[in-house]
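Reading through the C-alpha cells given below for one structure.
Each value in this text was obtained by applying a stated rule to the coordinates, not by laboratory testing. Small disclaimer: the values here were computed from a predicted structure and weren't measured. Using ideal geometry, Cβ is built from the backbone for each residue, glycine included, and neighbour counts are taken over all protein chains shown.
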Amino acid sequence: MKVIVLDNYQQISIKAAQIVASQIILKEDSILGLATGGTPVGMYSELVKMYKLGIIDFKKIKTFNLDEYVGLSKENQQSYYYYMMDNLFKHVNINIENIDIPNGMADIKEECVRYENEIKQSGGIDLQVLGIGHNGHIGFNEPDIKFESVTHLVKLDEDTIKANSRFFDSVDEVPKQALSMGIKTIMHSKKIVLIASGKEKAKAIYGTVKGNITPNLPASILQLHNDVYIIADKEAASLL
Ligand code: PGA
C-alpha cells in the first residue's frame, strides 16, 4: 500500500487525475473502474482539463462504475449515470457504448450477473478509482460485507443514507438500496487508487491503512492488494 498525504483537496484531485492519465497514456484501451460521490469531482475536472489540453484521449477507453442506486433512472439527476455524464463523459471523447454502469431499473438478479460477466469479458479492470465512506465502505460494500462478494444488491447503512442525503432534497428521498461491485470484483482490479478528503474520513483511513483486516471496515481488505495508492489530504490522514 502506498500512502500519499498531500496538503489539500486540490492536490489530491490532481494527483489522482495524474495516476488515471498515466494509465490512459500507457494503455489507450484501458478498462477504468470509476467512482462517484463528492470526493472524485475534482479529479474528474482535472481529467477534463487534461483531455482539453490534448494530454489524454478517451477514444478507446472503457469504463465500469462501482455502483448505482436501485430505482433511479439514467435521467434522474441523483443517479450515478447522470453524475458520470455531468462530471466526465459529456466533456470528453469517450464512446458512449464503452460506458457501463449497473442499471438500477433492471431486473436485479439478472443485472448483477450481466455486470459481473461484462467486467470479466472486458479482460478485467486495469485501474479502479475508489472513494471511502465514513464507515469504511468501498463502492456500497457496507460494514460486515462478505469479502468474497461480487456484484450484488445492497441495503444501504443508515450512516451512508445520512451522508448521501446532502445530494437530495431530503433524507427520505435517498434510495435505500443499490447495486454494487463486490469486494472480490474490486480486488480483481490490477491497480487501485483510493482518494479521501476531510477529517470525517480520518477514522476510516486509519482503519484502512493501520487497522486489522476486518469486514467491519471493508476498505481494510485493500491491505492485501499488491498495487494500491491511498491518496489523502492532511485532514483525512490526521490519525495516521
Ligand atoms: P463521498 O463518498 O466522496 O461523497 O464522501 C465516498 C463514498 O461514500 O465512497
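Starting from the 7 Å offset along Cα-to-Cβ, what nm value, one decimal, do you get for the label separation of D169 and L26?
4.7
With runs of 4+ DSSP H residues as the only contributors, calculate the mean residue ellipticity of the chain at 222 nm using -39,500 (n - 2.57) per run, divided by the residue total and rounded to the nearest 500.
-9000 deg cm²/dmol
At a Cα cut-off below 17 Å, give the lysines reachable from K234, other chains included and same-chain residues fewer than 8 away excluded.
K2, K15, K199, K201, K203, K210
Which entries in the list K90/K162; K62/K109; K27/K191 go over 19 Å, if you measure between the two C-alpha atoms of each?
K90/K162; K62/K109
On the Cα set of the chain, report Rg and Dmax in Å, please.
16.4, 44
Where does each of S180, S22, S13, S149 land when they are ranked from fewest to most other beta-carbon atoms within 10 angstrom?
Final ranking by Cβ density, sparse to dense: S22, S149, S13, S180.
Packing-wise, with mean Cβ within 10 Å as the measure, how do 188-199, 204-215 rank, highest first?
188-199, 204-215
If you restrict to DSSP beta bridges whose two residues both lie in the range 1-146, what percentage is antiparallel, to the nearest 5?
Close to 10 percent.
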